[in-house]
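Only one structure is covered here, and it is reproduced in the block below.
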Amino acid sequence: MADALEGRAPIVWPDRLRVAALPPQARFVFRGDAEAAARAGDAFGATLPMTPCRAAADDARAALWLGPDEWLLLAPPGTEDGTARDIAAALADLPHALACVSDRHAALTVSGPRAETLLAAGCALDLDPRAFPQGMCTRSLLAKAEIVLWRHQPASFRLEVRRSFAAYVWDFLAEAAREHASA
Amino acid sequence: MTGAFRTTTGGRIDRARPLSFRFDGRAFTGCAGDTLASALLANGVHLAGRSFKYHRPRGILAAGAEEPNALVGIDRGPGRYAPNLRATQVEIHDGLVAESQNRTPSLRFDIAALADFAAPLIPAGFYYKTFMQPAGWWAKLYEPRIRAAAGLGRAPRGADPDRYTQRYAHCETLVVGAGPAGIAAARAAAARGDRVILCDEQAEPGGSLLAETRARIDGLCAQDWLAAALAELAAEPRVTILPRTTAFGYFAQNFVALAERVTDHLAVPDPNLPRERLWQVRAREVVLATGAIERPLVFPENDRPGIMLADSARTYLARYGVKPGCRALVLAAHDDAYGAALDLAAAGMEIALIVDPRPAADGELPRRAMAAGLPVRMSATVVGTRGRLRVHEAHVGTIGADGGVRGVDVVSCDTLLMSGGWTPSVHLHSQARGKLAFRADLQAFVPGATPQACRSVGACAGEFGLQAALGPATRVEDDPVREGGFAGALPHDRPRARAFVDFQNDVTAKDLTLALREGFRSIEHVKRYTTNGMATDQGKTSNINALAIVAAASGRAIPEVGLTSFRQPYTPVTFGAFAGTSRGELFDPVRTTPIHGWAVAQGAIFEDVGQWKRAHHFPRPGEDMHAAVRRECAAVRARAGIFDASTLGKIEVVGRDAAEFLERLYVNSWKKLEPGRCRYGILLNEAGFVIDDGVIGRLAPDRFHVTTTTGGAARVLSMMEDYVQTEWPDLQIWLTSTTEQWAVIAVQGPKAREILAPLTEGIDLSRDAFAHMAVREGRVAGVPARLFRVSFTGELGFEVNVPAGQGRAVWEAIWEQARRHDAVAYGTETMHVLRAEKGYIIVGQETDGTVVPDDLGLGWAIGKGKRDFVGKRSLSRPDIAAPGRKQLVGLLSADPGHVLDEGAQIVAMRDPPPGTPALGHVTSSYWSATLGRSIALALVADGRARHGQTLFAPMPGGAVPVAVTGPVFHDPEGRSLDG
């Protein structure tokens, strides 16, 4: 499966910063109410968080709260059919919408002690851990591109980017990262 | 030695690190830590610029951002020329190249200084008066000449090769100004655990402490205390100290913009660093510690080189180890000037005379000056000076009890230092929409109430002195109270002499009183008429004096006259900082489809469609665009072509009420559309005008695959969400954008079925099983696909939707099959031509936001008997039903080889008289390879009733006769749709 960021070598400034493209991923947008979300979580294998702007994740799966009735689900690549089947079966009697968007996004991580500073080149949010702790996620803008931003680890952010904006986001981060090349 | 006027010890410059630089081609040596101004003064150079209007020789007046005279251009190589920089803020480095401005041929001899002799002819507002006659000369002669003469520096011509970045930042406390008050505020905030940003426009934080010579703080000399305080702040991980960073704009909700100059001070900058960095800071509280600016005094001929602000002169001595001259006359309306005189005298400068316009001065510093034997004359003033390129004498007169000035003594001096007291820097407070209050004792405005979480501390709040700045917890010794201050024009007995108020714009006290005599009352009008305060320094040194002069001349108090607005930026900001990385490739996102790389490899020519790059045509060697498009068109009609339609907007509409939702939104009927079928949908806005269209397929009873135009994707989704959330919350439906999930490959032409057949699994492609306007799910080239049988060419057509990541592979598999049938890849231009031959509209080309479905001949699409849909009511407005509406027609030019211009007007007569309204215009026009002639679509008033008529398209080369036809040029019966 060709990813929009295929072939982009990571940008690595040791001990400071790392920007790396992530491999393909199964993705769904799940829409529904709290009851549907709870049952979908059971079927999916990761809880759909009810707290705004929070993600729940284990090693393989993640569910990101994006709106009062909207979650982005991430699962291992190739699990699209099974996941869709499982959720459809579990929610046969509950209104909901599930749309597969695996290929809609490209994903990358920005990590290291300078991660917040690098993202601050184009993202207006307060990314201090007190304001944007681990597990927090939200839609936002990075420069002129819409992103989903998720602090999935204490010093690492995951960015989900619309496929056709991925090259722009990467090039923007590469340009903004230059000043961090020098200690 | 780094200059004859450099002291042997003292100051914060490094005498062991001499730096060479050039000014107007002449080589000089300065020290590390020098500004261009201090390095020039160390070399005895005061003459630094020519004034804006009269080209008078001007010297360095100040030591900071307020400098109005010493504006220089800095040349860092091709494309890297920065004009109008204040020499007082330019740090020197080895190899710095600076030049003066506004002079020809040289700073010492400037031809344009003739303007100074013509001064009586060019007072304030002269261009409204002197050059009135003859009227015709204004545009041709006067204005061009005045424009050529105006302006200071020259703008660089080449593209700026430097890089600029931007950064958002958040903090609990932003402190603007790292003088004593700012450092005290930053320390207090840091102690609370706040995130603190402490910014200062100078190279070193410290503000007045960097030049403090007397006071001791907590038992330490000021510089030692400063070093300790800064070290303590720097050790705090949550404190960010930003030197060389100007807070230039204060916006709503404590949003403050900072411009950081990152590399200009470096001889060899690290190429990874940006030249400048724009900070956009959101702070919970902003502490303004922006200090105060010393006021010049307004007296005749107060603008000669060598005339400086007293505390600036003291700063040059204390901070940079530079004596501003050998023999100074000090005009002291404020006690601080006595302090300057004491310091300069201690450094070996001769104080010729201290002239004080006040009747008495009994403060601590005046007493010390007198005790030290410095000559002082009270109730006196300077009534004139001499010296063309450097002041060499001052004329001192006595102010009588009646305010008149008598007697003149000539005092020789090479330096004249003046102090009218201090003007608090309330710029940012005022930008924050804070109110100002006038304090008569200071002759200055100080901050009043503010609507934002913002407070002013220290001198910018009118609280002078180190103790006030540092607070009661810090012990300050030898920080005597300084009093005094004067605003306005000092008295003199020389009615023809010019006393400058605004040095940068050459505005004199007489200009201001002239404006009043001519009837201007509002200070805003006086400002604009005289241009006082309208130069690049925005009147930092002149505004209060101008106000006081206007107040005195009009018999009002200063607060009655009011104050002009403080605007961003505090000091000029480069365009580069504002643009940041938004230039070149990063100016705007360039969106490409999954098939883009293939098209590039095939040599496609691309066009911009919004942010998308779309393949426009695929020329073969030797083909121009027309040849390529003709070949592509012919191939599609004869055999087949494949086309990348991935940019089409796609929205997945899911839920029990999905059909009802589309029923309410689109003009068409959806409830009876069976799963597996598609329909061409038309979307109106509430005014009834067509805003989008696209094929919508029903995949399941509760699931639709909606397509939109490329440009309309985001707009349609927003409109849908708006209706779902605000108008129809009762509907159980959800929307998901799937534009980028799917790559879309259109396969069009009589061979389309044969091309896809070998690749398709699980879908019967036969005519009976898979009718026109149907949708099936299956596999194409082994990839799960949604296959639509649709046509935007009039030929048998399919649109293959596959996950975007597989788009390129599936495209290549289809291309492999297509080549066996001698099919082509075609671009957007061929797509446009083929659809125009069929009379299919393009929203945005045949529509312009004033077109209803019936105008386009699309009234059939409106669902019969529908109770409502968006825009329905508007379609029954009388204007919409009235005759005369512009309707879509085809046009065939009389000369079949003539391709009309898109946008050409259509009229009934060959040569209509001027003012004749057009009947309509050409919306699309192409060469049709299929028909072997040109075709055009047009919107023409009552067009459908005009079929067969001849109309005209007036063009510069003569009117082109055109025959009106129906809009379908090719295969009107639709025989080709089934292949």
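The values are calculated or read from the model by the stated rules, or taken from the named source; none is laboratory data. Keep in mind it's a predicted model, so treat the numbers as computed, not measured. Backbone-built Cβ (ideal geometry, glycine too); neighbour counts: all protein chains shown. Protein only, heavy atoms only, side chains kept; ligands, DNA and RNA dropped before computing areas. Shrake-Rupley method; radii C 1.70, N 1.55, O 1.52, S 1.80 Å.
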Practice prompt. Among the residues of the range B:767-792, count how many are within 14 Å of chain A (Cβ to nearest Cβ) and under 30 Å from B:Glu973 (Cβ atoms).
Written response: 1
Item to complete: Using the structure shown, decide if A:Ala120 is among the small types (Gly, Ala, Ser), closer than 19 Å to B:Gln280 by Cβ, within 14 Å of chain B (Cβ to nearest Cβ) and open to solvent by less than 20 Å² (accessible area, probe 1.4 Å).
Response: yes
Worksheet item: If you take the residues in the range A:1-21 that are part of a strand (DSSP E or B) and open to solvent by less than 70 Å² (accessible area, probe 1.4 Å), which one is nearest to the other protein chains (Cβ to nearest Cβ)?
Response: A:Trp13
Discussion item. Just to confirm my filter: which helices (runs of 4 or more DSSP H) fall fully inside the range B:511-603 and include at least 1 residues that are in contact (Cβ under 8 Å) with a residue 40 or more places away in the chain and within 14 Å of chain A (Cβ to nearest Cβ)?
Written reply: B:575-579, B:596-601
Item to complete: Take the range B:822-879 and flag every residue that is of a type in the set (Asp, Glu) and closer than 22 Å to B:Ala713 by Cβ.
Response: B:Glu829, B:Glu846, B:Asp848
Worksheet item: Checking A:Leu127 against (1) at the interface with chain B (Cβ under 10 Å from one of its Cβ atoms); (2) of a type outside the set (Val, Ile, Thr); (3) open to solvent by 20 Å² or more (accessible area, probe 1.4 Å); (4) out of contact with any Cys (no Cβ under 6 Å at 6 or more places or on another chain), which single condition isn't satisfied?
Response: (3)
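Residues checked against (1) away from chain B (no Cβ under 14 Å); (2) part of a loop (DSSP other than H, G, I, E, B):
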site	(1), (2)
A:Pro23	no, yes
A:Glu35	no, no
A:Ala43	yes, no
A:Ala46	yes, yes
A:Met50	yes, yes
A:Asp59	yes, yes
Worksheet item: Here are some conditions: (1) of a type outside the set (S, T, N, Q); (2) crowded, with 19+ Cβ neighbours inside 10 Å; (3) within 10 Å of chain B (Cβ to nearest Cβ); (4) touching a strand residue (DSSP E or B) at 6+ places or on another chain (Cβ under 7 Å). A:Ala167 meets all but one. Which one does it not meet?
Response: (4)
Item to complete: Could you pull out the residue among B:Pro296, B:Pro271 that is in a loop (DSSP other than H, G, I, E, B) and either touching a helix residue (DSSP H, G or I) at 6+ places or on another chain (Cβ under 8 Å) or outside the structural domain of B:His170 (by TED's automatic domain parsing) (or both)?
Response: B:Pro296
Worksheet item: Say we look at the range B:604-627 and pick out the residues that are touching a residue at least 60 places away in the same chain (Cβ under 8 Å) and assigned to a helix (DSSP H, G or I); which of these is nearest to the other protein chains (Cβ to nearest Cβ)?
Response: B:Met625
Item to complete: For B:Asp441, indicate whether it is closer than 20 Å to B:Ile293 by Cβ and assigned to a loop (DSSP other than H, G, I, E, B).
Response: yes
Fill in: Selection status of A:Phe172, touching a helix residue (DSSP H, G or I) at 6+ places or on another chain (Cβ under 9 Å) and more than 14 Å from chain B (Cβ to nearest Cβ)
no
Worksheet item: Got at least one residue in the range B:192-204 being away from chain A (no Cβ under 14 Å) and part of a strand (DSSP E or B)?
Response: yes
Worksheet item: Does the range B:592-610 contain any residue that is open to solvent by less than 10 Å² (accessible area, probe 1.4 Å) and in contact with an Asp or Glu (Cβ under 8 Å, 6 or more places away or on another chain)?
Response: yes
Discussion item. Return the residues of the range B:120-138 that are open to solvent by less than 80 Å² (accessible area, probe 1.4 Å) and either over 22 Å from B:Ala515 (Cα atoms) or touching a strand residue (DSSP E or B) at 6+ places or on another chain (Cβ under 9 Å) (or both); say none if nothing qualifies.
Written reply: B:Pro123, B:Ala124, B:Pro134, B:Ala135, B:Gly136
Item to complete: Could you please find all residues in the range B:333-361 being within 23 Å of B:Ala292 (Cβ to Cβ) and in a loop (DSSP other than H, G, I, E, B)?
Response: B:Ala333, B:Asp335, B:Pro357, B:Arg358, B:Ala361
Fill in: Yes/no for B:Pro491 being open to solvent by 50 Å² or more (accessible area, probe 1.4 Å) and either out of contact with any Phe, Trp or Tyr (no Cβ under 6 Å at 6 or more places or on another chain) or not in a loop (DSSP other than H, G, I, E, B) (or both)
no
Worksheet item: For the range A:146-164, which residues satisfy the criterion of being among the hydrophobic types (A, V, I, L, M, F, W, C), buried (at least 23 other Cβ atoms within 10 Å of the Cβ) and either within 12 Å of chain B (Cβ to nearest Cβ) or not in a strand (DSSP E or B) (or both)?
Response: A:Ile147, A:Val161
Practice prompt. Could you figure out which of (1) farther than 30 Å from B:Gly655 by Cβ; (2) within 20 Å of the chain's Cα centre (by Cα) isn't true of A:Pro14?
Written response: (2)
Discussion item. From the list B:Glu812, B:Glu799, B:Glu795, exactly one residue is away from chain A (no Cβ under 14 Å), acidic (Asp, Glu) and either open to solvent by less than 20 Å² (accessible area, probe 1.4 Å) or in a helix (DSSP H, G or I) (or both). Which is it?
Written reply: B:Glu795
